Amino acid sequence: MFRLKFKVIFISFLALQLIASQNFAVASTNMISTQELVSKIDRENLQKDLIALVSRDDVKQGLADKGLTAEEINSRIANLSDSEIQSLHNQVIQQRAGGDILVTILLVVLIIFLIKRI
């Protein structure tokens, strides 16, 4: 009786081990590294930012003046390499920062002018 229970438990345990080991083997072949995941997420986020930028009306008009359609721009952005997307995004950020500084300087000058008038 004891031997029968022991055999049933042992066989059940072996079956569970076999099933569990197969699931882990499948999971390990589909795993990607953290660096690959971060790179993929970064690329997707940068692409979304660039597409959002070219979707603005003023940018669309400027690109249309140069003979480019929105579809062409989106396909070109999709075909850029990771380093090209990063470089283009950095250039856009630098341009935005320069524009923000100009607005800040103008506001400071305006505030100083208003203070002197009082």
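Confirm whether Val109 is modelled with pLDDT of 75 or more, hydrophobic (A, V, I, L, M, F, W, C) and in a helix (DSSP H, G or I).
Answer is no for this residue.
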Check: Which condition number does Ser28 fail, the rest of (1) part of a helix (DSSP H, G or I); (2) modelled with pLDDT of 70 or more; (3) surrounded by fewer than 10 Cβ atoms within 10 Å (Cβ to Cβ) being met?
Finding: (2)
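Could we say that Ile51 is of a type outside the set (D, E, K, R), under 16 Å from the mean Cα position of the chain (by Cα), surrounded by 11 or more Cβ atoms within 10 Å (Cβ to Cβ) and at pLDDT 80 or above here?
Yes, satisfied.
The values are calculated or read from the model by the stated rules, or taken from the named source; none is laboratory data. Since the structure is predicted, the reported quantities are computational estimates derived from the model, not experimental observations. A quick note on method: Cβ atoms are made from the backbone with ideal geometry, for glycine too, and the neighbour counts reach across all protein chains shown.
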